[in-house]
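S.K.: So that we are looking at the same thing, I have put the structure below in structure tokens.
The values are calculated or read from the model by the stated rules, or taken from the named source; none is laboratory data. This is a predicted model, so every value here is computed, not measured. Cβ placement follows ideal geometry from the backbone for every residue including glycine, while neighbour counts extend to all protein chains displayed.
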Amino acid sequence: MAKDSAPDTGDGSAGGSSKGGSSAGRDSGDGGVGKDAAPVVRKPSWRRLGPGIVVAATGVGAGDLVSTLLAGSKFGYTLLWAAVIGCIVKIALAEAVGRWHLATGRTLFDGWRTLGPWTTVYFAIYVVIWGFVYGATAMSSSGLPLQALFPDGPGLKFWGVATGLLGLAFVWFNRYAVVEKIMMVFVGVMFVVVVYVAIRATPKVDDALAGLLPTLPDGSLLYTLGLVGGVGGTITMAAYGYWINAKGWTDSGWMRMMRFDNRIAYITTGIFVVAMLIVGAELLHAGQVALAEGDKGLVDLTEILEDRYGGFTAKLFLIGFFAASFSSLVGVWHGVSLMFADFMDRLRAGGTAGVKVLARGEQERSPAFRGYLLWLTFPPMMLLWLDQPFGLVIAYGVLGAFFMPFLAVTLMWLLNTERTPREFRSGPLSNTMLGLSGGLFVVLCVEQVRELPW
């Protein structure tokens, strides 16, 4: 383990050192024993859970709810196995992101830069276009359940703008610790509501168990790939390492806790996705009910729930729908802004001697962080008034389809070379999972691009 020759930079960079875990002494609040000592190993603890819940809640939005419902409505329980595999894939990817941050003391973008300038160019283009389109999508998704809850109130544009401004204000004035607490609340609401609706739908246990056997019905390939690769998997997975650093986990002593946090988060997500699949299978597939594409499909489901179970269950589902959508908005507003701040910080520092990157906590108050917050909020509001921002959506779809393969491949590259201390490099299991993930996401990428209306 290399010695830590620099003070705490907060983002895990150890003053730009490229090797070795940071010492426990860097985190003064966690019982460090000096900067030359090996990091203190922290045992897994339920009360320390947090970053995994944040990344999982951010990754599961309204679009994921709809795609899971559609899979259940078209194929019943047949694709349940794909949801389980998807959960395992996300655990492997998030673990790799967290392991890089903790084992090397460097951020993910710092690692990407070592792979060549092409990563900087790619990320710069991607994060600008993605943020512009995602901002409008997140505001629209968050406003839709509010419009359904208050049908006599203002229209969707008002609610979309209101949720965007609320997310902006919340992230602007609060740091990670508060963001984590509110995300835990959102996850609790999402989980309780969706599981409650699934139980009310009276799942058929025998059919569900049969769905764990991998099969591919005709026409199910895209839905299968979507369940495995899409639910809970976006650029926010790359933000996981930044959130664990913001939590104060900055050295390899936190490795066991990080893995525990990650597994609990994605197991929770897996239960959530299975519950949505049950709802689709029982309420839609069994009754041959068609569901609209896009977020409005969730409003359609609300009407079905009201007819079958009454207004209380329908309104409860809308609250869960809002929790899923708004948690994604808040998570992206914070996590991707944190990544952008690190991106700009590294560009500013470059290889210049004596130029230090910002300490943990300072990035959340930096001009780059707040500038990207504004970019996510105000320019995308224009798209709320456009019926079909066709060209931009196509560009976003093409570029966005390439991010998850980029993440999986670059993680394999970083974690199997001298950039990572030997004891923390990927073993056969991790490499197998990352390799399968990379192959899966390449197939998803090709299929997504083929489906675009060129």
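S.K.: Among all residue pairs at least 6 apart or on different chains, which show Cβ distances below 9 Å where the first residue, located in segment 317-342, is free of Cβ contacts under 8 Å to residues at least 60 places away in the same chain and the second is aliphatic (A, V, I, L, M)?
M.R.: Within 9 Å, the pairs are A341/L358; A341/A368.
S.K.: Let me ask something additional. Mind listing just one residue for me: the one in segment 297-317 that is touching a helix residue (DSSP H, G or I) at 6+ places or on another chain (Cβ under 6 Å) and surrounded by 24 or more Cβ atoms within 10 Å (Cβ to Cβ) and, of those, farthest from A201 (Cα to Cα)?
M.R.: Here the answer is L298.
S.K.: Identify, from the list I264, I304, I271, the residue that is at pLDDT 90 or above and assigned to a helix (DSSP H, G or I).
M.R.: Details: I304 fails: at pLDDT 90 or above; I271 fails: at pLDDT 90 or above.
Just one listed residue meets the conditions, I264.
S.K.: Being at pLDDT 85 or above, at negative phi and not in a helix (DSSP H, G or I) is the requirement here; does T78 meet it? Give the derivation first.
M.R.: On the way: at pLDDT 85 or above: yes; at negative phi: yes; not in a helix (DSSP H, G or I): yes.
So T78 passes the test.
S.K.: Being farther than 17 Å from L374 by Cβ and of a type in the set (F, W, Y) is the filter; apply it to segment 105-153 and report the residue that is farthest from the chain's Cα centre (by Cα). Break it down into steps so the answer makes sense when it comes.
M.R.: Start the filter on segment 105-153 by keeping residues that are farther than 17 Å from L374 by Cβ, which leaves 105-126, 137, 140-153.
Now restrict to residues that are of a type in the set (F, W, Y): 109, 112, 118, 122-123, 126, 150.
Details: F109: 17, W112: 19, W118: 24, Y122: 19, F123: 17, Y126: 16, F150: 29 Å.
Taking the candidates together, the pick is F150.
S.K.: Does segment 201-252 hold any residues that are basic (K, R) and touching a helix residue (DSSP H, G or I) at 6+ places or on another chain (Cβ under 6 Å), and which are they? Before the answer, list the steps.
M.R.: Narrowing segment 201-252 to residues basic (K, R): 204, 247.
K247, the sole residue that qualifies.
S.K.: Select from segment 24-55 the residues that are modelled with pLDDT under 85 and either under 23 Å from I235 (Cα atoms) or part of a loop (DSSP other than H, G, I, E, B) (or both) and list them in ascending order. Reasoning before the result, please.
M.R.: We begin by selecting, within segment 24-55, every residue modelled with pLDDT under 85; these are 24-38.
Passing the criteria: D27, G31, G32, V33, G34, K35, D36, A37, A38.
S.K.: Now for a separate question. Can you name the condition, by its number, that P151 falls short on among (1) surrounded by fewer than 21 Cβ atoms within 10 Å (Cβ to Cβ); (2) touching a residue at least 12 places away in the same chain (Cβ under 8 Å)?
M.R.: (2)
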